[in-house]
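Written out below as C-alpha coordinates is the structure these notes cover.
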Amino acid sequence: MTGVIFDLDGTLWNISSICADAWNQAIHLANIQRTPITEDDISRVSGLPFIDCIKNIFPDLVEESIFKISPLIEKCEKKEIRTRGGTLYKGVSEYLDTLSAQFPLFVVSNCEYWYLQAFLSMPLNSSNTSKIFGDIFIDSECFGRTQKPKAENIIAICQRNSLKNAIYIGDTESDRLAAMKAGVDFIHVTYGFGYIESENINSAASFSEVVDMLLNIINLPSVAKESITSKN
(Lines give C-alpha, C1' and ligand atoms only; values in the text may rest on other atoms or scores of the structure.)
Protein backbone atom coordinates (compact mmCIF):
# COMPACT_ATOMS: atom_id res chain seq x y z
CA MET A 1 0.00 0.00 0.00
CA THR A 2 1.20 3.48 -0.88
CA GLY A 3 1.01 6.05 1.90
CA VAL A 4 0.18 9.67 1.08
CA ILE A 5 1.93 12.26 3.23
CA PHE A 6 0.87 15.92 3.11
CA ASP A 7 2.66 19.11 3.98
CA LEU A 8 0.38 21.54 5.85
CA ASP A 9 0.92 25.24 5.06
CA GLY A 10 0.50 26.02 1.39
CA THR A 11 -0.78 22.51 0.73
CA LEU A 12 -3.85 21.88 2.90
CA TRP A 13 -4.56 25.35 4.28
CA ASN A 14 -3.52 29.00 4.09
CA ILE A 15 -3.30 30.75 7.43
CA SER A 16 -1.01 33.63 6.45
CA SER A 17 -3.45 36.50 7.08
CA ILE A 18 -4.32 35.20 10.54
CA CYS A 19 -0.66 34.75 11.43
CA ALA A 20 0.13 38.26 10.17
CA ASP A 21 -2.53 39.69 12.50
CA ALA A 22 -1.08 37.69 15.39
CA TRP A 23 2.48 38.83 14.68
CA ASN A 24 1.37 42.47 14.53
CA GLN A 25 -0.31 42.09 17.91
CA ALA A 26 2.93 40.68 19.30
CA ILE A 27 5.19 43.44 17.96
CA HIS A 28 2.76 46.04 19.35
CA LEU A 29 2.85 44.41 22.78
CA ALA A 30 6.64 44.13 22.60
CA ASN A 31 6.90 47.79 21.52
CA ILE A 32 8.97 46.91 18.45
CA GLN A 33 9.10 49.69 15.88
CA ARG A 34 8.70 48.37 12.34
CA THR A 35 6.29 48.38 9.43
CA PRO A 36 3.31 46.04 9.89
CA ILE A 37 3.79 42.36 9.06
CA THR A 38 1.91 41.45 5.90
CA GLU A 39 0.35 38.25 4.61
CA ASP A 40 3.12 38.12 2.00
CA ASP A 41 5.76 38.29 4.76
CA ILE A 42 4.27 35.21 6.38
CA SER A 43 3.86 33.37 3.07
CA ARG A 44 7.51 34.04 2.24
CA VAL A 45 8.71 32.13 5.33
CA SER A 46 6.04 29.44 5.25
CA GLY A 47 7.50 25.97 5.69
CA LEU A 48 10.39 27.08 7.90
CA PRO A 49 10.65 26.15 11.59
CA PHE A 50 9.12 28.82 13.85
CA ILE A 51 12.39 30.37 15.08
CA ASP A 52 13.71 30.56 11.53
CA CYS A 53 10.53 32.41 10.51
CA ILE A 54 11.21 35.00 13.20
CA LYS A 55 14.86 35.37 12.17
CA ASN A 56 13.83 35.94 8.55
CA ILE A 57 11.15 38.51 9.34
CA PHE A 58 13.27 40.29 11.98
CA PRO A 59 16.78 40.11 10.45
CA ASP A 60 18.07 42.97 12.64
CA LEU A 61 17.04 41.45 15.97
CA VAL A 62 19.81 39.92 18.06
CA GLU A 63 19.45 36.31 19.21
CA GLU A 64 18.45 37.29 22.74
CA SER A 65 15.62 39.52 21.49
CA ILE A 66 14.39 36.81 19.14
CA PHE A 67 14.00 34.34 21.97
CA LYS A 68 12.25 36.98 24.06
CA ILE A 69 9.64 37.81 21.43
CA SER A 70 9.03 34.25 20.23
CA PRO A 71 6.79 33.22 23.20
CA LEU A 72 4.73 36.39 22.69
CA ILE A 73 4.25 35.69 18.98
CA GLU A 74 3.33 32.09 19.75
CA LYS A 75 0.79 33.19 22.38
CA CYS A 76 -0.89 35.58 19.92
CA GLU A 77 -0.85 32.95 17.16
CA LYS A 78 -2.46 30.35 19.41
CA LYS A 79 -5.26 32.74 20.32
CA GLU A 80 -5.98 33.78 16.72
CA ILE A 81 -5.70 30.32 15.15
CA ARG A 82 -7.79 28.59 17.80
CA THR A 83 -10.43 31.30 17.53
CA ARG A 84 -10.51 31.80 13.76
CA GLY A 85 -9.13 28.58 12.30
CA GLY A 86 -7.49 28.50 8.87
CA THR A 87 -8.64 28.74 5.27
CA LEU A 88 -8.65 25.34 3.60
CA TYR A 89 -7.74 25.18 -0.06
CA LYS A 90 -10.65 24.38 -2.37
CA GLY A 91 -11.38 20.66 -2.47
CA VAL A 92 -9.50 19.71 0.71
CA SER A 93 -12.52 19.08 2.93
CA GLU A 94 -14.50 17.71 -0.03
CA TYR A 95 -12.00 15.13 -1.29
CA LEU A 96 -9.92 14.05 1.71
CA ASP A 97 -12.66 11.68 2.83
CA THR A 98 -12.67 10.10 -0.64
CA LEU A 99 -8.91 9.82 -0.60
CA SER A 100 -8.78 8.28 2.89
CA ALA A 101 -10.91 5.37 1.69
CA GLN A 102 -8.16 4.45 -0.81
CA PHE A 103 -4.90 5.46 0.89
CA PRO A 104 -3.55 5.83 4.43
CA LEU A 105 -3.09 9.58 4.92
CA PHE A 106 -0.45 11.41 6.97
CA VAL A 107 0.81 14.93 7.70
CA VAL A 108 4.43 16.03 8.10
CA SER A 109 5.13 19.72 8.70
CA ASN A 110 7.88 21.98 10.01
CA CYS A 111 5.33 23.67 12.27
CA GLU A 112 5.07 23.67 16.06
CA TYR A 113 3.27 20.76 17.75
CA TRP A 114 0.36 22.88 19.04
CA TYR A 115 -0.13 24.30 15.53
CA LEU A 116 -0.43 20.84 14.00
CA GLN A 117 -2.88 19.81 16.73
CA ALA A 118 -4.98 22.92 16.03
CA PHE A 119 -5.33 21.78 12.42
CA LEU A 120 -6.08 18.16 13.32
CA SER A 121 -8.82 19.25 15.74
CA MET A 122 -10.64 21.28 13.07
CA PRO A 123 -13.96 19.92 11.71
CA LEU A 124 -13.58 18.36 8.27
CA ASN A 125 -16.32 20.66 7.03
CA SER A 126 -18.95 23.01 8.41
CA SER A 127 -21.83 20.65 7.61
CA ASN A 128 -20.32 17.75 9.58
CA THR A 129 -18.62 19.06 12.70
CA SER A 130 -18.52 15.60 14.31
CA LYS A 131 -15.65 14.54 12.04
CA ILE A 132 -12.29 16.25 12.44
CA PHE A 133 -9.09 16.12 10.40
CA GLY A 134 -7.57 13.98 13.12
CA ASP A 135 -10.07 11.28 12.14
CA ILE A 136 -8.81 11.35 8.53
CA PHE A 137 -5.06 11.29 9.12
CA ILE A 138 -3.62 8.07 10.56
CA ASP A 139 -0.42 9.64 11.88
CA SER A 140 1.42 12.97 11.84
CA GLU A 141 4.77 14.47 12.72
CA CYS A 142 6.30 17.94 13.00
CA PHE A 143 9.54 19.77 13.72
CA GLY A 144 8.01 21.23 16.88
CA ARG A 145 7.76 17.78 18.45
CA THR A 146 10.94 16.11 17.19
CA GLN A 147 13.25 19.07 16.45
CA LYS A 148 14.32 17.06 13.40
CA PRO A 149 14.42 18.01 9.69
CA LYS A 150 11.40 17.24 7.55
CA ALA A 151 13.16 14.40 5.69
CA GLU A 152 13.78 12.56 8.97
CA ASN A 153 10.17 13.06 10.04
CA ILE A 154 8.94 11.66 6.70
CA ILE A 155 11.18 8.64 7.22
CA ALA A 156 9.82 8.24 10.77
CA ILE A 157 6.23 8.22 9.48
CA CYS A 158 7.13 5.56 6.90
CA GLN A 159 8.87 3.40 9.50
CA ARG A 160 6.16 3.75 12.17
CA ASN A 161 3.44 2.79 9.71
CA SER A 162 5.36 0.14 7.73
CA LEU A 163 4.98 1.99 4.44
CA LYS A 164 6.80 0.34 1.57
CA ASN A 165 5.98 3.24 -0.76
CA ALA A 166 5.02 6.83 -0.04
CA ILE A 167 4.28 10.09 -1.83
CA TYR A 168 4.95 13.46 -0.21
CA ILE A 169 2.79 16.37 -1.37
CA GLY A 170 4.05 19.91 -0.80
CA ASP A 171 4.45 23.35 -2.29
CA THR A 172 8.11 24.36 -1.91
CA GLU A 173 11.57 23.42 -3.08
CA SER A 174 12.46 22.44 0.49
CA ASP A 175 9.53 20.00 0.40
CA ARG A 176 10.89 18.45 -2.80
CA LEU A 177 14.36 18.13 -1.32
CA ALA A 178 12.97 16.58 1.87
CA ALA A 179 11.05 13.99 -0.17
CA MET A 180 14.16 13.22 -2.19
CA LYS A 181 16.29 12.78 0.95
CA ALA A 182 13.62 10.56 2.49
CA GLY A 183 13.47 8.41 -0.65
CA VAL A 184 9.79 8.99 -1.40
CA ASP A 185 7.98 10.30 -4.48
CA PHE A 186 6.86 13.93 -4.66
CA ILE A 187 3.95 15.93 -6.07
CA HIS A 188 4.27 19.71 -6.22
CA VAL A 189 1.12 21.78 -5.65
CA THR A 190 1.52 24.97 -7.67
CA TYR A 191 -1.30 26.75 -5.81
CA GLY A 192 0.85 27.02 -2.66
CA PHE A 193 3.52 29.47 -1.54
CA GLY A 194 6.67 28.16 -3.17
CA TYR A 195 8.31 27.21 -6.42
CA ILE A 196 10.31 24.22 -7.62
CA GLU A 197 13.71 24.51 -9.26
CA SER A 198 13.52 21.13 -11.00
CA GLU A 199 11.41 20.94 -14.17
CA ASN A 200 10.87 17.17 -14.17
CA ILE A 201 8.35 17.10 -11.33
CA ASN A 202 4.75 15.92 -11.15
CA SER A 203 2.67 18.99 -10.37
CA ALA A 204 -0.97 19.82 -9.64
CA ALA A 205 -2.68 23.20 -9.96
CA SER A 206 -5.53 22.31 -7.60
CA PHE A 207 -6.29 19.87 -4.82
CA SER A 208 -8.69 17.96 -7.07
CA GLU A 209 -5.79 17.44 -9.49
CA VAL A 210 -3.75 15.99 -6.63
CA VAL A 211 -6.55 13.56 -5.87
CA ASP A 212 -6.88 12.58 -9.54
CA MET A 213 -3.16 11.87 -9.79
CA LEU A 214 -3.33 9.66 -6.73
CA LEU A 215 -6.49 7.81 -7.84
CA ASN A 216 -4.85 7.19 -11.20
CA ILE A 217 -2.16 5.18 -9.40
CA ILE A 218 -4.78 2.58 -8.46
CA ASN A 219 -6.82 2.98 -11.67
CA LEU A 220 -9.87 4.64 -10.14
CA PRO A 221 -11.99 7.30 -11.93
CA SER A 222 -10.94 10.90 -11.40
CA VAL A 223 -12.93 13.09 -9.01
CA ALA A 224 -13.47 15.52 -11.91
CA LYS A 225 -15.29 12.79 -13.89
CA GLU A 226 -17.32 11.80 -10.83
CA SER A 227 -18.32 15.43 -10.33
CA ILE A 228 -19.50 15.74 -13.96
CA THR A 229 -21.43 12.44 -13.71
CA SER A 230 -23.20 13.51 -10.51
CA LYS A 231 -24.41 16.72 -12.16
CA ASN A 232 -25.92 14.97 -15.19
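Miscellaneous remarks
- Under 5 Å, built H, 5+ apart or other chain: amide partners of W13: Y89
- Solvent-accessible surface ranking, highest first, for W23, W114 at 1.4 angstrom: W114, W23
- Sequence-distant lysines (8 or more away, or on other chains) whose Cα lies within less than 20 Å of K150: K55, K164, K181
- Table column - 3J(HN,Hα) (Hz), the stretch 91-100, Karplus curve with 6.51, -1.76, 1.60, x for Gly and Pro: x, 5, 5, 6, 9, 4, 4, 4, 5, 5
- Among E199, E80, E152, the residue with the largest mean-square fluctuation in a Gaussian network model of the chain, with springs joining Cα atoms closer than 10 Å, is E199.
- When the surface is traced with a 1.4 Å probe over the full set of protein chains, Y113 keeps roughly 110 Å² accessible.
- When L96, L48 are compared by accessible surface with a 1.4 Å probe, the order from highest to lowest is L48, L96.
- ³J(HN,Hα) computed for each position of the stretch 106-113 - Karplus, 6.51 cos²θ - 1.76 cosθ + 1.60, integer Hz, glycine/proline x: 9, 10, 10, 9, 8, 6, 6, 4
- Here the Gaussian network model covers the chain, with springs between Cα atoms less than 10 Å apart; of S93, S126, S16, S126 fluctuates the most.
- Quotient of the Cα radius of gyration of the stretch 178-218 and 2.2 N^0.38 Å, N being its number of residues: 1.19.
- For H28, the accessible surface of its heavy atoms amounts to roughly 140 Å² (probe 1.4 Å, protein chains only, rounded to the nearest 10).
- Taking amide H as placed 1.01 Å from N in the peptide plane, the amide H of S203 sits under 5 Å from that of H188, each at least 5 places away or on another chain.
- Inter-centroid distance (Cα atoms) of the stretch 89-133 relative to the stretch 201-217, Å: 17
- Summarising the amide proton neighbourhood of G3: residues at separation of 5 or more, or on other chains, whose placed amide H is nearer than 5 Å comprise N165, A166, I167.
- Cα-based reach from K75 at 16 Å (exclusive), listing aspartates and glutamates while leaving out same-chain residues under 8 positions away: D21, E112
- In the chain, the longest principal axis of the Cα atoms and the axis of helix 63-84 are about 50 degrees apart.
- Between helix 150-160 and the chain: long-axis angle, C-alpha atoms, 0 to 90°, nearest 10: 50
- Highest mobility in the GNM of the chain, judged by mean-square fluctuation with C-alpha springs under 10 Å and restricted to S208, S198, S100, is found for S198.
- Of the solvent-accessible surface of the chain, computed with a 1.4 Å probe and all protein chains present, 48% belongs to carbon and sulfur.
- Order by protection proxy (mean Cβ within 10 Å, highest first), peptides 213-221, 61-69, 172-180: 172-180, 213-221, 61-69
- A Förster distance of 35 Å, applied to the separation of the beta-carbon atoms of D185 and S17, puts the FRET efficiency at 0.65.
- Expected 222 nm ellipticity per residue - DSSP helices of 4 or more, -39500 (n - 2.57), all of the chain, to 500: -14500 deg cm²/dmol
- Here is the P(r) of the stretch 1-60: all C-alpha pair distances, binned every 10 Å from 0, give 21, 49, 19, 8, 3, 0 in whole percents.
- Stokes-Einstein diffusion for the chain at 25 °C, viscosity 0.890 mPa s, with a Kirkwood radius from C-alpha pairs, works out to 133 µm²/s.
- Rolling a 1.4 angstrom probe over the protein heavy atoms with all chains in place gives the chain an accessible area of 50 Å² per residue.
The values are calculated or read from the model by the stated rules, or taken from the named source; none is laboratory data. Being a predicted model, the structure only gives us computed values, none of them experimental. Note that each Cβ is placed from the backbone with ideal geometry, even for glycine, and that neighbours are counted across all protein chains shown. Heavy atoms of the whole protein, side chains included, go into the accessibility calculation; ligands, DNA and RNA do not. Shrake-Rupley method; radii C 1.70, N 1.55, O 1.52, S 1.80 Å.
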